[in-house]
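Peer 1: The structure is given below, and queries will be raised subsequently.
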Amino acid sequence: MIELAWLIPVFPVIGVLINGLFGRHVGEKAGPIASVMAGLSLLVVLGIASQMIFGAGGSHTVPLWTWVEAGSFSASMSFLIDPLSTIMLLVVAGVGFLVHVYAVGYMHGDPGYPRFFTYLNLFMLSMFLLVLGDNYLVMFVGWEGVGLCSYLLIGFWYEKQSASDAGKKAFIVNRIGDAGFLLGMFLIWTLTGSLTYTEVFQAAPEMSAAMASAVGLLLFVGAVGKSAQIPLYVWLPDAMEGPTPVSALIHAATMVTAGVYMVARTSPIYVMGPDAMSVIAIVGALTGLFAASIGLVQNDIKRVLAYSTVSQLGFMFMALGVGAFAAGIFHLMTHAFFKGLLFLGSGSVIHALHHAPEDQQQDMRYMGGLKDKMPVTYWTFLIGAVAIAGVPPLAGFWSKDEILANAFFTGHYTVWIMGTVAAFMTAFYMFRLIFMTFHGEMRVDHHAREHIHESPATMTVPLIILAVLSVIGGVIPGFPPEAGWIHRFLAPSLAKVPAGGHATDQGVHLMNAAAGGGHSGPAVVLLIILAIAVAVGGIALAWHMYVRDTEAPNRLYERFRGLYRLLLEKYYIDEIYQACIVEPTYKLMRGLWTFDAKVVDGAVNGSSLITVISSRFSGIFDLRTVDGAVNGTASFIRFFSQVFKYLQSGMVQNYLFVMLLGIFVMLSAYLFR
Amino acid sequence: MSNMPLLTLITFLPAAGAVIIMLFMKKEQTKAIKGFATAVAVLDFLISLPLWFQFDQSEAGFQFVEKVSWIPTIGVSYFVGIDGISVLLVLLTTLTMIVGVVCSYTAIEEREKEYYVCLLLLATGMLGTFIALDIFLFYVFFEVTLVPMYFLIGVWGGPRKLYAAIKFFLYTLFGSVLMLLGILAFYFANFKMGTGTLTFDLVELYGVGPKIPLSLQIWIFLAFFIGFAIKVPMFPFHTWLPDAHVEAPTAGSVILAGILLKMGTYGFVRFALPLLPQASQVFVPFMVLLSIIGIIYGALVAMAQTDIKKLVAYSSVSHLGFVMLGIFALNDQGVLGGQLQMINHGISTGALFLLVGVVYERRHTRLISDYGGLSKVVPVYTVLFAITMLSSIGLPGLNGFVGEFLILIGAFKKSYVYAAFAVIGIVLGAAYMLWLFQRVFFGNLDNPENEKLTDCNTREVLYLLPLIILMFWIGLYPKPFLGRMEASVKKVVKMVNAAEAPQKAALGKMTKLEKR
Amino acid sequence: MIPMTHFLVLGAILFLIGAAGVLMRRNAIIILLSIELMLNAVNVTFVGFSRHLADMTGQVFGIFVITVAACEAAVGLAILIALNRDRTMVNVDEVNLLKW
């Protein structure tokens, strides 16, 4: 089965070709076609996964063809099936298929229907390449490919200026990260002479700490861009301009976690560079806290979820940074389930409200009381929210608790505190969202009220499946904490402490702490109790503020007006970027254009002008002096001939008279001499 | 087969076609003229195909060689041949000629006979430039291309055609005259210090370089540099390019971007590097600096443009900065990447100009602000434009990526600083192209004149299709291309780098002299 | 015997009258007649000298001049007729194309 891995990306290619080339003829059949293709890929993935999980496991390379070969550089188009890519494949293919099915209902009636599914299949293709590649170059192909699809899908409703702006922003910000990724790849190649994972990781223990950190940081720049971490997270909230299934698939479950996957994949290098690890942990923790705080006050349902995604990605990086790679991937998986669920649920809400005015469809202040009208959506949404809040035994608890415990036990107390606060905020804003959307009195526009209805089956079935996964997706692979199945399964793919290798002391410490597993004793129990307390506390506070005492938010607002404003305006980061980076770039480019036209081209035109002027001068000299002598003779003659020509009167008698006169004069002269 | 003068045939077939059109076809028979020109271009492409199939990849030297004495008293011969560096350029030229002829059917409506004559003559000039192995012959062909191009811009161009044509002609002529000086200096230096014979034969002159003192090499390199850098064009010699591109008819722009600019970069690889190895090494920081400035500067200036063609023209400056960066990385990856990027740039920028030509023919405006929301009315065109744009910004899976990647990896190998600056260009490249795409294709269709825009017709799709196929082919499986170039590129790189030791000795001597 | 002086004076007067006619009259026919008068003035002088010198050469010249004058009158009149056909006039001051 594993050697059939090449089939996985082939099905989406077929889907892209059918829907892309014959979209006009396919019409509304595009959705089912694309879904079938995604489903076929999922089948292959399931086959491979079952073989990996129940069979021998291990790591298998599926070579396809030699891609780029130049001198000593060589990279092949090959796939790698190992536990890590298996988990990723399951997430991508599984959530991807569900989102396809969901979108069949959600996008119904959209004029760009075939185009949407072309892009969606293209995305699946790129994501599969990203995950399957056995070297960094193939990963980069997928990496850029998903970026492209993200661009296309965010700007799917291209007539909206904000949508096409958001798409462009996403692509360009991602490109900044990609530049770092590229440089990281170059450094890897210069250090190890290869880009293939197995060869690179074989050479990794030989790297110095500084070089490993440099590689790690450069690659992390790429991850920061793709996975929306500080300072490059700004594109993700804007990306919510895209259709909601896209937000669920690309901007929550799969693409944005590519950075996490990449860092986990590169773990053998990261363990050699503790500095890079520290940076990752700190950036992750900062992002987790920062984005969660913005999420507290947002009113757009999708924006809350977007900031929540940024925050949860921060958690994942926190895990990677403290060396708990398996926990990071675990959280990636559970997050894909519940965040996918939450986004699809919010899509279901938006779908129900599509008769409301454009600017109210996603605004929670114009929702409320939807619980009874949309029971399936409500209950699945609630499950998702409980899961993300970290209440056991739902999925989020297991992975999040592992991350915080690892941060604590590896001595990253600051990171641990930030993570715990962020977890509290997460529980709060998720339930704020639930209460504002589904509870209380209905604030929906009157015309839209009678149109509110539960979504069709193609939308609710994926919700239910994801809800089930959100319930069991944590406890089954993750119990007992730190020693669950997923740890054992992933262990071969992730870095181990090289016995007697050159790993630095801190790296050894980190790895022992993280991979040791099963921290026993009262500390663990205390941490678990604390985590539960934080989750429940957040939920309780939200309940207090938005259900019991609905005046509380206003009082808080009056009290902390400035802080509220700061959070609502997202710390003015977009404005700061606009002022500090975008505007100067515009100014620079305009300035350079003027420079080019005036100075560079001016020099060219100037030199031609000088040539022309000097040629004029020499021309004038030539005309006046040299030619003047020649022409002067001619004009002298012409002047006198002008005078004398009047002698020629044409009157024969005049001539005769003159002749006679002449004869007379001559005779007189002769006679009177 | 080997006895057949294939290269001569390929080179002079278009000229023969031009003569036939000129002498035997009447002005009014425009259909016949177009048909005949197309037939000549297609035939030329077909007979150039054996170059692809019969090319021996393992051979680093010249193949398909022909040599006939021409002016023996000064050592000039008609000496042609190709190696891995030129074979793809020759094929690209013959392919581009078909596209250039076919895309002009409706775009050119006056003086059609003269137009196709010019186009075919231009083909001969360009092909000759790439196959010439005699420096004198090279110079002759190099100059020959100027004349038809001058007429193409000056007669069938836009509103400021005369300005652009004269600027193009004089600027490049200025450069090539200096290049001629350099060629003559090298010729006499060879007579005095090298083989002792009067010869322009490139094969004999290869290897002479290290015997020439560095100080003289530097002067000759500067002369070559100005000649080729103007043609490339490198910053700050680039300003003729936007004007020429904007004013030239579509086919002119395509050929200019696709082939003519490559004559500059090709000149560096074919002449400047192997003939003057030490000087090339000395000039690396300088050349890289100009290349990187070109990459970033070109991209930023492109961003500020309001005219689509001008934007594409400045993007060429940026892309050719990449090519030059790769070439002056002076290692296998860099030069190979640069070589591949020449082909890539020819394909993607050529296609971009074709696409601009398609809408220009319908709307007669190139201002970005006159468009907007086009994806609604012209979906096929939008898809073609999107693919081409993505190839131009180097999306993996398309051709631009492979070239850029190899260039950057080569640059990184030389010095990580070079690569660090050059990757900025990748970010900016995405920025200006996506912004252009957004302004032209996204948003509302607010200009009523655009509503009646018709989508690409079959002919337009047909001449774009080969280019699109090539984009995917090179992007997904570049091996046939890289494989053909590799041996020759390695040889050039070796020639340059082998001279390192004597260069240092020479430098030592120089400094000693200066101290005295 | 008429003295020689009379012949010469008569010839001179006739010649001057003829010359004045040629120079001052505008009608080409009158001018032609005046030319005849000048020729005949010369004839008078020739004949006078012939008689005075008792040499017949002068007489011969006189006859010769009359012959030439006849030819000349014929050519002149032909020109005048052509001129008259072209311009319907024979005034010489209006025939001044040949100038400047």
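The values are calculated or read from the model by the stated rules, or taken from the named source; none is laboratory data. All values reported here derive from a predicted model rather than from experimental measurement. With ideal geometry, Cβ positions are generated from the backbone for all residues, glycine too; neighbour counts draw on all protein chains shown.
Peer 1: Kindly indicate the residue of the stretch A:286-299 that is more than 20 Å from the chain's Cα centre (by Cα) and either part of a helix (DSSP H, G or I) or aromatic (Phe, Trp, Tyr) (or both) and also surrounded by the most Cβ atoms within 10 Å (Cβ to Cβ) among those meeting that condition. Write out each step before concluding.
Peer 2: Initially, the stretch A:286-299 is screened for residues more than 20 Å from the chain's Cα centre (by Cα), giving A:289, A:293, A:296-299.
With either part of a helix (DSSP H, G or I) or aromatic (Phe, Trp, Tyr) (or both) added as a condition, the list becomes A:289, A:293.
Details: A:LEU289: 22, A:SER293: 20.
Filtering the stretch A:286-299 for residues that are more than 20 Å from the chain's Cα centre (by Cα) and either part of a helix (DSSP H, G or I) or aromatic (Phe, Trp, Tyr) (or both), the one surrounded by the most Cβ atoms within 10 Å (Cβ to Cβ) comes out as A:LEU289.
Peer 1: Is it the case that A:GLY396 is modelled with pLDDT of 90 or more and surrounded by 24 or more Cβ atoms within 10 Å (Cβ to Cβ)? Before you say what the answer is, go through the steps one by one.
Peer 2: Numbers: modelled with pLDDT of 90 or more: no; surrounded by 24 or more Cβ atoms within 10 Å (Cβ to Cβ): yes.
No.
Peer 1: Are any of the residues in the stretch B:315-329 touching a residue at least 12 places away in the same chain (Cβ under 8 Å), more than 21 Å from B:VAL269 (Cβ to Cβ) and crowded, with 24+ Cβ neighbours inside 10 Å?
Peer 2: Just the residues of the stretch B:315-329 that are touching a residue at least 12 places away in the same chain (Cβ under 8 Å), to begin with: B:315-329.
When the remaining residues are screened for being more than 21 Å from B:VAL269 (Cβ to Cβ), the result is B:315.
Then drop every residue that is not crowded, with 24+ Cβ neighbours inside 10 Å, which leaves B:315.
Yes, the conditions are met somewhere in the stretch B:315-329.
Peer 1: Scan the stretch B:167-208 residue by residue and report those that are among the aromatic types (Phe, Trp, Tyr) and more than 14 Å from every other protein chain (Cβ to nearest Cβ).
Peer 2: Within the stretch B:167-208, the subset among the aromatic types (Phe, Trp, Tyr) is B:168-169, B:171, B:174, B:186-188, B:191, B:200, B:206.
Hits for the stretch B:167-208 are B:PHE186, B:TYR187, B:PHE188, B:PHE191, B:PHE200, B:TYR206.
Peer 1: Looking at the structure I just gave you, is A:VAL131 buried (at least 24 other Cβ atoms within 10 Å of the Cβ), away from chain B (no Cβ under 11 Å) and either out of contact with any strand residue (DSSP E or B) (no Cβ under 6 Å at 6 or more places or on another chain) or closer than 17 Å to A:PHE79 by Cβ (or both)? Please lay out each step first, then the result.
Peer 2: Numbers: buried (at least 24 other Cβ atoms within 10 Å of the Cβ): yes; away from chain B (no Cβ under 11 Å): yes; either out of contact with any strand residue (DSSP E or B) (no Cβ under 6 Å at 6 or more places or on another chain) or closer than 17 Å to A:PHE79 by Cβ (or both): yes.
Yes, satisfied.
Peer 1: If you don't mind, there's one more thing I want to ask. Looking at the stretch A:413-426 only, could you name the residues that are surrounded by 24 or more Cβ atoms within 10 Å (Cβ to Cβ) and more than 24 Å from A:LEU466 (Cβ to Cβ)?
Peer 2: If the condition is that a residue be surrounded by 24 or more Cβ atoms within 10 Å (Cβ to Cβ) and more than 24 Å from A:LEU466 (Cβ to Cβ), then A:VAL415, A:MET418, A:GLY419 are the ones that fit.
Peer 1: Pick from the stretch A:136-154 the residues that are more than 8 Å from chain B (Cβ to nearest Cβ) and of a type in the set (Val, Ile, Thr): which of them is surrounded by the most Cβ atoms within 10 Å (Cβ to Cβ)?
Peer 2: Applying the filter and picking the extreme gives A:ILE154.
Peer 1: Sticking with this structure for a sec: In this structure, is B:GLY337 in a helix (DSSP H, G or I) and touching a Gly at 6+ places or on another chain (Cβ under 9 Å)? Give the derivation first.
Peer 2: Details: in a helix (DSSP H, G or I): yes; touching a Gly at 6+ places or on another chain (Cβ under 9 Å): yes.
Against the criterion (in a helix (DSSP H, G or I) and touching a Gly at 6+ places or on another chain (Cβ under 9 Å)), B:GLY337 qualifies.
Peer 1: Now, a different point. Can we say C:SER34 is touching a Gly at 6+ places or on another chain (Cβ under 7 Å), over 22 Å from A:ILE663 (Cβ atoms) and free of Cβ contacts under 8 Å to residues at least 24 places away in the same chain? Before you say what the answer is, go through the steps one by one.
Peer 2: Details: touching a Gly at 6+ places or on another chain (Cβ under 7 Å): yes; over 22 Å from A:ILE663 (Cβ atoms): no; free of Cβ contacts under 8 Å to residues at least 24 places away in the same chain: yes.
Judged against the criteria, C:SER34 is not a match.
Peer 1: Which one of these is more than 30 Å from A:LEU469 (Cβ to Cβ), of a type in the set (S, T, N, Q), touching a residue at least 24 places away in the same chain (Cβ under 8 Å) and out of contact with any strand residue (DSSP E or B) (no Cβ under 7 Å at 6 or more places or on another chain): A:SER72, A:SER41, A:SER35, A:SER78?
Peer 2: Numbers: A:SER41 fails: more than 30 Å from A:LEU469 (Cβ to Cβ); A:SER35 fails: more than 30 Å from A:LEU469 (Cβ to Cβ); A:SER78 fails: out of contact with any strand residue (DSSP E or B) (no Cβ under 7 Å at 6 or more places or on another chain).
Every option except A:SER72 fails the conditions.
Peer 1: Still on this structure, I have one more. Would you confirm whether or not the stretch B:195-207 contains a residue that is in contact with a helix residue (DSSP H, G or I) (Cβ under 9 Å, 6 or more places away or on another chain), surrounded by fewer than 24 Cβ atoms within 10 Å (Cβ to Cβ) and closer than 21 Å to B:ASP243 by Cβ?
Peer 2: Looking for residues that are in contact with a helix residue (DSSP H, G or I) (Cβ under 9 Å, 6 or more places away or on another chain), surrounded by fewer than 24 Cβ atoms within 10 Å (Cβ to Cβ) and closer than 21 Å to B:ASP243 by Cβ, one finds none in the stretch B:195-207, hence no.
Peer 1: Among the residues in the stretch A:16-27, are any within 29 Å of A:SER194 (Cα to Cα) and at pLDDT 85 or above?
Peer 2: Step one: list which residues in the stretch A:16-27 are within 29 Å of A:SER194 (Cα to Cα), which gives none.
No.
Peer 1: Do we have A:LEU137 as touching a residue at least 60 places away in the same chain (Cβ under 8 Å) and within 30 Å of A:SER208 (Cβ to Cβ) here?
Peer 2: Working: touching a residue at least 60 places away in the same chain (Cβ under 8 Å): yes; within 30 Å of A:SER208 (Cβ to Cβ): yes.
Yes.
Peer 1: Any idea which of B:TYR171, B:TYR187, B:TYR150 is in a helix (DSSP H, G or I) and under 12 Å from B:ALA248 (Cβ atoms)? If you could, list the steps in order and put the result at the bottom.
Peer 2: On the way: B:TYR171 fails: under 12 Å from B:ALA248 (Cβ atoms); B:TYR187 fails: under 12 Å from B:ALA248 (Cβ atoms).
Only one candidate qualifies: B:TYR150.
Peer 1: Look at B:LEU275 and say whether it is surrounded by 24 or more Cβ atoms within 10 Å (Cβ to Cβ) and more than 14 Å from chain A (Cβ to nearest Cβ).
Peer 2: Numbers: surrounded by 24 or more Cβ atoms within 10 Å (Cβ to Cβ): yes; more than 14 Å from chain A (Cβ to nearest Cβ): yes.
In short, yes.
Peer 1: Out of (1) at pLDDT below 90; (2) on the phi < 0 side of the Ramachandran plot, what's the single condition that is false for A:LEU217?
Peer 2: (1)
Peer 1: What number goes with the only condition from (1) at pLDDT 90 or above; (2) in contact with a helix residue (DSSP H, G or I) (Cβ under 6 Å, 6 or more places away or on another chain) that B:LEU465 does not pass?
Peer 2: With respect to (1) at pLDDT 90 or above; (2) in contact with a helix residue (DSSP H, G or I) (Cβ under 6 Å, 6 or more places away or on another chain), B:LEU465 is out only on (2).
Peer 1: Turning to a different aspect of this structure: Could you name every one of the helices (runs of 4 or more DSSP H) located completely within the stretch B:358-450 that has at least 2 residues being facing chain A (nearest Cβ under 7 Å) and closer than 22 Å to A:GLY147 by Cα?
Peer 2: In the stretch B:358-450, B:399-414, B:416-441 are the helices (runs of 4 or more DSSP H) which contain 2 or more residues that are facing chain A (nearest Cβ under 7 Å) and closer than 22 Å to A:GLY147 by Cα.
Peer 1: So, B:THR124, is that one within 14 Å of the chain's Cα centre (by Cα), within 24 Å of B:VAL80 (Cβ to Cβ) and in a helix (DSSP H, G or I) or not? Explain how you work it out, then say what you get.
Peer 2: Numbers: within 14 Å of the chain's Cα centre (by Cα): no; within 24 Å of B:VAL80 (Cβ to Cβ): yes; in a helix (DSSP H, G or I): yes.
When the stated conditions are applied, B:THR124 does not pass them.
Peer 1: When both residues are 6+ apart or on different chains and their Cβ atoms are under 7 Å apart, which pairs have a first residue that lies in the stretch C:87-100 and is more than 16 Å from C:MET24 (Cα to Cα), and a second that is surrounded by 12 or more Cβ atoms within 10 Å (Cβ to Cβ) and of a type in the set (S, T, N, Q)?
Peer 2: C:LYS99/A:GLN648; C:LYS99/A:SER649; C:TRP100/A:GLN648
Peer 1: A follow-up question, please. What helices (runs of 4 or more DSSP H) lie completely within the stretch A:543-647 and have 2 or more residues being farther than 30 Å from A:SER293 by Cβ and either within 14 Å of chain B (Cβ to nearest Cβ) or in contact with a Gly (Cβ under 9 Å, 6 or more places away or on another chain) (or both)? Lay out the reasoning, then the answer.
Peer 2: On the way: elements: A:552-559, A:561-568, A:573-577, A:583-595, A:601-621, A:627-644.
Ranges flagged: A:583-595, A:601-621.
Peer 1: Name the single residue, out of those in the stretch A:155-184 being part of a helix (DSSP H, G or I) and out of contact with any helix residue (DSSP H, G or I) (no Cβ under 7 Å at 6 or more places or on another chain), that is nearest to the other protein chains (Cβ to nearest Cβ).
Peer 2: First pass over the stretch A:155-184, keeping only residues part of a helix (DSSP H, G or I): A:161-184.
This time we only want the ones that are out of contact with any helix residue (DSSP H, G or I) (no Cβ under 7 Å at 6 or more places or on another chain), so: A:161, A:165.
Details: A:GLN161: 6, A:ASP165: 8 Å.
Top of the filtered list is A:GLN161.
Peer 1: Return a yes/no flag: does the stretch A:173-182 have any residue that is surrounded by fewer than 21 Cβ atoms within 10 Å (Cβ to Cβ) and charged (D, E, K, R).
Peer 2: no
Peer 1: Residue pairs, Cβ under 7 Å, 6 or more apart or interchain, first in the stretch A:187-202 and more than 14 Å from every other protein chain (Cβ to nearest Cβ), second buried (at least 21 other Cβ atoms within 10 Å of the Cβ) and among the β-branched types (Val, Ile, Thr). List them.
Peer 2: Between residues of the stretch A:187-202 that are more than 14 Å from every other protein chain (Cβ to nearest Cβ) and residues that are buried (at least 21 other Cβ atoms within 10 Å of the Cβ) and among the β-branched types (Val, Ile, Thr), the close pairs are A:VAL200/A:ILE188.
Peer 1: Of all the residues that make up the stretch B:467-481, how many are in contact with a Leu (Cβ under 7 Å, 6 or more places away or on another chain) and away from chain A (no Cβ under 13 Å)?
Peer 2: Final tally of qualifying residues: 1.
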